[in-house]
Each structure stands twice: as structure tokens, then as C-alpha cells.
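Undergrad: The following block contains the structure, expressed as C-alpha cells.
The values are calculated or read from the model by the stated rules, or taken from the named source; none is laboratory data. Since this is a predicted model, take the numbers as computed values, not measurements. Note that we place each Cβ from the backbone using ideal geometry, even for glycine, and neighbour counts take in every protein chain shown.
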Amino acid sequence: MKFVKRTLAAAATALLCSQAVAKNPLFDNVFTADPAAMVHDGKVYLYTGHDESPSNNVFFQMHDWLVFSSEDMVNWTQHGPIMKATDFKWAKGDAWAAHMIERDGTFYFYTTVRHKDDKPGFAIGVATSKSPLGPFVDARGSALVTDDMTKHTPNDWDDIDPAIWVEENGDTYMFFGNLMPKYVKLKDNLIELDGEIKTLDLPTFTEALWVHKKNEYYYVTYACEFPEKICYSMSKSIHGPWEFKGVLNELAGNSETNHQSVITFKGKDYFFYHTGSLPPKPGQESGGRFRRSVAVEEMHYNEDGTIQRIHMTTEGVTEPAK
Ligand code: FUB
């Protein structure tokens, strides 16, 4: 019954929200951050964090994750929240960056939350649903990664920002981390670790890993330096070595974090990111470091496989994908 109620609520939200026509930032009725896009069944599903801080002087207030969908990258439908951080009973809150994949009709949502005090610090959880729109439920009843499992930095937020990569043979890896980039194989059930957590060598790494592949190259893009730009490295193997290729996207206006997602959809390549550039509404503060908004651009490769620097625009994607 609870499931039916929430599904109906999500459907009502989708119906109520008129379609947004692309421009950057993509959505101006809600603050969105940490994009994680997934292509499924002819549509793009864009999962985002949800900034609710009242002011750019008040640290992140992020309670749930949102989803938007599009069939052409220009017209977007807003569906509402898919899950709250506290739906993980072991979590205190802080719905930070996430990643969605689908396998055999089940959607797996890997995400960052703050763990309760029995395992203090940030942790990674995984939730599942039979629909890309949710609702999602905790798949394990416990965290997949907790702060005590890695000791590379003294910070309690060094196990954040999961990014999943699935090899052609089905082997699945989770990349994650802050200040120290890490990856680990997942078991075939996708909800347990399979082996040791390894580290990667990525210059000036800060956070926000994302892995994709184009032709024979693997690419790992990530937030580098601070304030953050997006850098990238390339490799012929998911296990590296990774060759550093420099900055892909510059400081994103008015936000010291930067977080990207890369997809190929209907033959074109796209780069999602976030900025703090939403203008103020009456009686409210503008966008900024804790009030971010997702944007998107087309992305282009050179013949040697390197990626052309992203050109951030206010127009965004203007040509519908066919
Ligand atoms: O949105 C909260 C955190 O800020 C994310 O987990 C990081 O990637 C950065 O965007």
C-alpha cells in the first residue's frame, strides 16, 4: 500500500510539472546538484542531489534525491524524489552524490550518506527498485562502505561519490573517494564488495569520479583542485595505468564544487555538471556554493581519443536528440 501511495505521488508530481525546455541551468524551480545520468530504454534519466540550504553561508542541506527524464535532451520531465537519505535506517542524513545502473530489470542506486554514530563518517549505501523512478529501498540493511574501512585520509568524508562501471563481461566496479581515489569490485549480486579496495593515481584529485568508455579508451573524469575544475585521465584498461589529460571543464560559475556525468545518447555525447548560477527569486538568495543547479553541454572527442574542453553555455543543448 505504501508503495502504491508513493508511486501515485510520484506520478502526480510528474503530471503537475510542466516540461522544462533545455537551457542552462536545466531547472529553475528547484536546486539540483551532483548529476548522475543513465540511458535506459530510449530515455535519459537524470538523478540529482537536491540543495535546500536557505543561504550560501549555510552548509549543504541535502535530504533526498530527485529524478528527471527526457527523450530528446531538450524537453525534461520532473518526477519528484526517489528516496530520502534517512530511508537507509543506519544513516543520519546528507543525501550526497549518487549513481544509478540497471541490471536484469532491477535498478541499483549507489549513494553517499552520513552514517549514524555507531560507524561515524560518510558511507556508501545501495538501494534497489523495479522502476527507474522508484521508490527505492535499502538493498542490504547496512552500508556497503563505511569510513572505518579506508584509512587513506584523516577526513571522515573520504568515502563518498560512488560511480559504477560495468565491463562487457558483467564484472562491475565501484569507484569512489575524496582526496584519495579508490575502486573495488562488486560481487555478481551488486550489493556486496568482492575483494580489496584499491587506489588510483589521479593528479590533483578531489572527488566526483565518473567512468565511461568510448571506442578502445576508458575515461575517468573527476573534480580536481579546489575550487574544483573537472580533469580527466585515459587508459586502455579499467585497472589503469591512467594517463592524465588535464582540465576538461573550468571552474563552474559561482560554485566551488563541480560534479560531472558523461553519457552517449542517440549518437551524441553529453556532459552534465553543476554551477551556482541560478539568479535570485524574490525574497531568496541566488544560486551559489550550497544552492547549485545542473547544466548540460554536448561533448566532443578529438581523433586521438582526447576530449575537447567543455564550453559552458547558458543555451545548453538546443538540438533535440533523434
Ligand atoms: O553535494 C555534496 C558533495 O559536494 C558531493 O558529494 C560532492 O561531489 C560535491 O559536489
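Undergrad: Collect the residues in the range 283-307 that are in a loop (DSSP other than H, G, I, E, B), at negative phi and over 18 Å from the mean Cα position of the chain (by Cα), keeping them in residue-number order.
TA: In the first step, residues of the range 283-307 are kept if they are in a loop (DSSP other than H, G, I, E, B); the result is 283-287, 289-290, 292, 300, 302-306.
So of that shortlist, the ones also at negative phi come out as 284-287, 289-290, 292, 300, 302-304, 306.
The answer is Gln284, Glu285, Ser286, Gly287, His300, Asn302, Glu303, Asp304, Thr306.
Undergrad: What are the residues in the range 293-311 that are surrounded by fewer than 19 Cβ atoms within 10 Å (Cβ to Cβ) and not β-branched (Val, Ile, Thr), if any?
TA: Passing the criteria: Glu298, His300, Tyr301, Asn302, Glu303, Asp304, Gly305, Gln308, Arg309, His311.
Undergrad: Let me ask something else. Which strands (runs of 3 or more DSSP E) sit wholly inside the range 86-152 and have at least 2 residues that are buried (at least 18 other Cβ atoms within 10 Å of the Cβ)?
TA: 98-103, 106-115, 121-129
Undergrad: Right, something else. Determine the pairs where a residue that is at positive phi, located within the range 308-320, has a partner that is outside any loop (DSSP other than H, G, I, E, B) with Cβ atoms under 6 Å apart, the partner being 6 or more residues away or on another chain.
TA: Cβ pairs passing all conditions: Gly316/Val296.
Undergrad: I've got another one for you. Tell me yes or no: at least one residue of the range 148-160 is away from the ligand (no atom under 16 Å from the Cβ) and closer than 18 Å to Thr48 by Cβ.
TA: Taking every residue of the range 148-160 in turn, none turns out to be away from the ligand (no atom under 16 Å from the Cβ) and closer than 18 Å to Thr48 by Cβ.
Undergrad: Let me ask another. Please indicate, with yes or no, whether at least one residue in the range 103-122 is more than 12 Å from the ligand (Cβ to nearest atom) and among the aliphatic types (A, V, I, L, M).
TA: no
Undergrad: Further question on the same structure: Are any residues in the range 197-248 surrounded by fewer than 21 Cβ atoms within 10 Å (Cβ to Cβ), hydroxyl-bearing (Ser, Thr, Tyr) and either within 16 Å of the ligand (Cβ to nearest atom) or not in a strand (DSSP E or B) (or both), and if so, which ones?
TA: If the condition is that a residue be surrounded by fewer than 21 Cβ atoms within 10 Å (Cβ to Cβ), hydroxyl-bearing (Ser, Thr, Tyr) and either within 16 Å of the ligand (Cβ to nearest atom) or not in a strand (DSSP E or B) (or both), then Thr204, Ser237 are the ones that fit.
Undergrad: Still on this structure, please answer the following. Of all residues in the range 165-176, which are away from the ligand (no atom under 15 Å from the Cβ) and closer than 20 Å to Thr199 by Cβ?
TA: Listed by number, the residues that qualify are Trp165, Glu167, Asp171, Thr172, Tyr173.
Undergrad: Restricting attention to the range 14-36, does a residue exist that is over 22 Å from Ala295 (Cβ atoms) and either within 16 Å of the ligand (Cβ to nearest atom) or modelled with pLDDT of 95 or more (or both)?
TA: No.
Undergrad: Continuing with this model, one more query. What are the residues in the range 108-124 that are within 24 Å of Glu207 (Cα to Cα), more than 14 Å from the chain's Cα centre (by Cα) and not basic (Lys, Arg), if any? Quick ask: steps written out before the conclusion?
TA: Going residue by residue through the range 108-124, those that are within 24 Å of Glu207 (Cα to Cα) are 108-117, 119-124.
Those left that are additionally more than 14 Å from the chain's Cα centre (by Cα): 114-117, 119-123.
Of everything in the range 108-124, those that are within 24 Å of Glu207 (Cα to Cα), more than 14 Å from the chain's Cα centre (by Cα) and not basic (Lys, Arg) turn out to be His115, Asp117, Pro120, Gly121, Phe122, Ala123.
Undergrad: With the structure loaded, tell me whether Leu190 is surrounded by 15 or more Cβ atoms within 10 Å (Cβ to Cβ) and under 15 Å from Thr172 (Cβ atoms) or whether it fails that test.
TA: So Leu190 passes the test.
Undergrad: Oh, and also: Out of everything in the range 249-277 that is more than 15 Å from the chain's Cα centre (by Cα), crowded, with 23+ Cβ neighbours inside 10 Å and at pLDDT 95 or above, what residue ends up being farthest from the ligand (Cβ to nearest atom)?
TA: Within the range 249-277, the match that is farthest from the ligand (Cβ to nearest atom) is Asn249.
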